[in-house]
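> Here it is, the structure, as structure tokens.
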Amino acid sequence: MVCRGKTHAIFFFLLFELSLLCFLCFSPVSGQSPVFACDTTKNPNLSSYGFCDTSLSVGERVSDLVKRLSLVEKVTFLVNKAGAVPRLGIPSYEWWSEALHGVSYVGPGTNFSTLVPGATSFPQVILTAASFNSHLFEAIGKVVSTEARAMYNVGLAGLTFWSPNINILRDPRWGRAQETPGEDPVLSSKYATGYVRGLQRADHPDKLKVAACCKHYTAYDLDNWNGIDRYHFNAKVTKQDMDDTFQPPFKSCVTEGNVASVMCSYNQVNGVPTCADPDLLAGVVRGDWKLNGYIVSDCDSVKVFYEYQNYTKTPEEAAAKAISAGLDLDCGVFLGEYTQAAVKQGLISESQVDRALTNNFAVLMRLGFFDGDPTKLPYGNLGPKDVCTPENQELAREAARQGIVLLKNNKGTLPLSPASIKSLAVIGPNANVTKTMIGNYEGTPCKYTTPLQGLSASVPTIYQPGCLNVACAWTNLELDPAKVAASQADATILIMGTDQSIEAESRDRFDLRLPGLQELLITEVAKVSKGPVILVIMSGGGIDVSFAKESDLISSILWVGYPGEAGGAALADIIFGSYNPSGRLPMSWYPESYAHNVPMDNMNMRPDPSIGYPGRTYRFYTGETVYSFGYGLSYSHFSHHLVKALPKLVSIPLEEGHECRTKRCLSVELPHDQCKDLAFDVKLRVMNNGTMDGSHVVFLYSSPPAVHNAPKKQLLDFERVTLGAKREEMVTFRVDVCKDLSVVDEFGKRKVGIGSHVLHVGRLKHSLSVRI
């Protein structure tokens with residue numbers, strides 16, 4: 001099919017508008033008043049109830065409400081489809097809504113209609129994380145919460161959104177890699193904190209705009225691999241790996257992001273279901289981290305550990321175990337069915353049920369659910385006009401641009417000049433996709449711009465799918481037409497990769513290659529292409545593209561993740577040079593041999609040479625990679641210069657009688673008051689030496705001394721800067737010795753490593769010695 005520039009783009013726009021019109025014609029008009037309690041306008045008697053009195057504290061209001069409920073009524077508030085209490089003016093509330101990268105239709109709490117037919121669909125999280133832009137993480141959260149509140153005000157959404165997913169991407173085969181911020185604890189922590197703040201932050205510190213939820217707690221990153229599924233998997237995790245890798249994002253989400261909820265996962269950790277583990281829930285999340293909110297189960301997790309894992313003998317025991325451990329809300333019906341009997345059997349007390357309700361109701365109080373008509377409260381002016389605004393859609397495009405990673409660019413092939421391209425071959429099963437671009441936990445987008453549409457808006461294109469779908473079997477391979485198109489065009493763009501049929505929730509991968517015959521299609525097209533060949537990979541997890549990396553016939557490689565509703569426009573912006581690529585990989589890309597040699601169910605992060613186990617992620621992995629964490633190219637060259645001399649020696653003050661004064665210690669655990677003055681600045685001058693404006697991510701890494709099987713290298717901080725051509729800017733990192741130069745020992749204790757530490761920024765390295 002030959003497409004001619006802007007004419008083609010207009011055609012697709014009109015087609016989209018027509019399809020949307022049809023949707024509006026045949027979809028029922030839905031949307032009504034928002035769901036809320038304490039409607040004193042309709043029932044003035046409600047104003048006499050303490051829980052409806054906004055002059056009281058949240059604690060006082062919640063206490064008043066819980067006292068008014070019978071046990072039968074109480075148990076209806078332990079499940080996601082909460083019960084109604086008409087005598088108290090409390091309607092049923094649906095807790096389950098999702099907002100992973102935009103307001104989603106996954107979960108019964110949110111719906112789209114003719115009133116709000118779509119919401120802004122941002123790139124899938126893994127691509128947004130590739131921007132390494134903390135400000136962007138929060139900005140996206142802010143837009144999503146605004147659109148969520150706008151939909152709530154017309155009865156189309158709830159106020160509690162079970163996002164984000166902040167699990168560490170430990171293994172590239174995980175089907176839910178796309179949902180996560182990647183493999184690094186610092187990046188994942190910053191993403192969690194930023195996105196949650198964007199979602200929740202209200203004008204008043206005690207209020208919530210919407211309530212976020214950090215999930216899936218914890219050590220959850222296997223769905224369905226080699227006969228092992230998430231419902232039966234027992235993650236065997238060392239204390240060191242738990243506190244060094246798996247827990248930090250959740251800790252940051254609670255202690256820094258002040259998230260309103262944490263979701264426990266399906267799996268067991270060291271033989272105990274996470275949703276029944278009092279150490280993990282009541283002990284760590286609520287006790288150590290001081291969660292100000294509620295703990296919810298992943299959907300049917302309590303039922304899973306009773307029926308699938310056989311963790312308890314009776315359902316009543318399962319309900320009691322979960323509530324006693326610290327669970328407050330069940331996504332499902334299990335607690336609603338068995339908690340009352342558990343109380344009557346003496347397995348738990350009614351006061352324990354009250355504790356769970358107190359945590360749930362307190363969040364709804366902070367959201368304004370019990371404050372009366374929301375249209376008369378903050379955010380009450382939001383409505384359909386605030387969804388899919390031009391500004392929101394432009395942010396979706398900008399997020400995709402910032403995240404797209406340039407992996408290869410031989411001889412400066414990119415950017416292409418639209419003026420010199422008379423025809424552009426656009427080939428591949430992902431070249432003209434729509435829904436693939438938005439990944440999973442998606443909503444209906446405002447509109448789509450496919451890669452083909454984006455590219456065709458600038459130059460004439462020749463489109464051939466090459467394969468009818470990403471499985472790319474012999475039966476749907478259309479090789480010859482693709483080769484003809486490439487042989488005639490001035491340049492060829494191959495848009496390949498995966499979709500939800502290859503990697504998704506409950507669908508882990510078994511290999512790391514491109515699916516089916518995609519590699520054959522790429523290779524054969526590249527052999528006959530008249531002009532340069534640019535390979536675009538659309539995927540969540542990393543792909544072994546070694547063949548393309550090493551091929552002289554393939555000039556450039558781009559990874560675009562699942563780039564959201566504006567992905568095609570963002571891709572065109574980068575290919576034609578209106579945007580300078582600046583994304584960096586948030587995960588390592590491994591060769592295919594990794595999938596054959598590393599069992600996915602081995603949770604150990606650290607290598608074990610005795611069994612040939614190479615370890616996990618860039619922090620510990622000892623094998624070869626295709627592309628490393630943090631890798632990414634630009635159309636510009638950036639340089640770093642140290643402005644201020646760094647210390648070569650840091651002395652740790654110890655109190656009299658400390659054991660490390662008289663014996664050699666590999667590390668030392670310091671109390672907080674001894675850490676406050678142990679810090680220094682790393683000041684850098686960052687220069688854009690190119691002729692094109694662009695952004696650059698500055699990474700500060702540390703290589704600690706070889707104590708406690710510490711990481712080879714670990715990210716301390718990062719900063720994204722935007723620089724004009726030939727311009728420079730100062731970047732300052734604050735290094736907290738107790739935090740940044742520490743390692744986690746075998747018992748999960750964080751200690752400052754004694755010995756030589758090496759700080760890295762690009763090619764700059766600085767050694768400093770930490771001594772007692």
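> Are any residues in region 77-110 of a type in the set (Phe, Trp, Tyr) and either open to solvent by less than 30 Å² (accessible area, probe 1.4 Å) or in contact with a strand residue (DSSP E or B) (Cβ under 6 Å, 6 or more places away or on another chain) (or both), and if so, which ones?
Across region 77-110, the qualifying residues are PHE77, TYR93, TRP95.
> Okay, next question. Among the residues of region 600-615 satisfying the criterion of being closer than 18 Å to PHE510 by Cβ and either touching a helix residue (DSSP H, G or I) at 6+ places or on another chain (Cβ under 8 Å) or touching a residue at least 40 places away in the same chain (Cβ under 8 Å) (or both), which is most open to solvent (accessible area, probe 1.4 Å)?
Going through the qualifying residues, I end up with ASP601.
> In addition: Conditions first: (1) in contact (Cβ under 8 Å) with a residue 40 or more places away in the chain; (2) open to solvent by 10 Å² or more (accessible area, probe 1.4 Å); (3) on the phi > 0 side of the Ramachandran plot. GLY227 passes all but one, so which condition is the exception?
(1)
> Looking at SER423, SER458, which is the one that is touching a helix residue (DSSP H, G or I) at 6+ places or on another chain (Cβ under 8 Å), over 30 Å from LEU115 (Cα atoms), modelled with pLDDT of 95 or more and open to solvent by 50 Å² or more (accessible area, probe 1.4 Å)?
Answer to the check: SER458.
> Still on this structure: Being within 30 Å of THR413 (Cβ to Cβ), touching a Pro at 6+ places or on another chain (Cβ under 7 Å) and buried (at least 20 other Cβ atoms within 10 Å of the Cβ) narrows it down to one residue among TYR627, TYR621, TYR635; which is it?
TYR635
> With the checklist (1) more than 30 Å from PRO599 (Cβ to Cβ); (2) part of a loop (DSSP other than H, G, I, E, B) in hand, flag the one item ALA399 doesn't pass.
Unmet for ALA399, out of (1) more than 30 Å from PRO599 (Cβ to Cβ); (2) part of a loop (DSSP other than H, G, I, E, B): (2).
> What are the pairs, 6+ residues apart or on separate chains, where a residue within region 275-297 that is crowded, with 23+ Cβ neighbours inside 10 Å has its Cβ under 7 Å from a residue that is at pLDDT 95 or above and among the basic types (Lys, Arg)?
Cβ pairs passing all conditions: ALA276/LYS321.
> What number of residues in region 720-750 are outside any loop (DSSP other than H, G, I, E, B), open to solvent by 90 Å² or more (accessible area, probe 1.4 Å), closer than 23 Å to ARG619 by Cβ and in contact (Cβ under 8 Å) with a residue 60 or more places away in the chain?
2
> Kindly evaluate ASN432 against the criterion of being in a loop (DSSP other than H, G, I, E, B), modelled with pLDDT of 95 or more, open to solvent by 10 Å² or more (accessible area, probe 1.4 Å) and in contact with a Ser or Thr (Cβ under 6 Å, 6 or more places away or on another chain).
yes
> Are any of the residues in region 125-143 at pLDDT 95 or above and in contact with a Cys (Cβ under 6 Å, 6 or more places away or on another chain)?
Checking region 125-143: not a single residue is at pLDDT 95 or above and in contact with a Cys (Cβ under 6 Å, 6 or more places away or on another chain).
> OK, next. Select from region 477-510 the residues that are touching a residue at least 24 places away in the same chain (Cβ under 8 Å), more than 23 Å from the chain's Cα centre (by Cα) and part of a loop (DSSP other than H, G, I, E, B) and list them in ascending order.
The answer is ALA489, ASP490.
> On the given criteria, is PHE361 buried (at least 21 other Cβ atoms within 10 Å of the Cβ), more than 30 Å from the chain's Cα centre (by Cα) and closer than 22 Å to SER55 by Cβ?
no
> Please specify each residue of region 537-554 satisfying the condition of being touching a residue at least 40 places away in the same chain (Cβ under 8 Å), surrounded by fewer than 24 Cβ atoms within 10 Å (Cβ to Cβ) and farther than 16 Å from ILE502 by Cβ.
SER546, LYS549, ASP552
> Right, something else. Given the criterion over 28 Å from LEU585 (Cβ atoms), in contact with a Pro (Cβ under 9 Å, 6 or more places away or on another chain) and modelled with pLDDT of 95 or more, identify the matching residue among LYS209, LYS236.
LYS209
The values are calculated or read from the model by the stated rules, or taken from the named source; none is laboratory data. No experiment lies behind these values; they were computed from the predicted model shown. Note that we place each Cβ from the backbone using ideal geometry, even for glycine, and neighbour counts take in every protein chain shown. Accessible surface areas use protein heavy atoms only, side chains included; no ligands, DNA or RNA. Shrake-Rupley method; radii C 1.70, N 1.55, O 1.52, S 1.80 Å.
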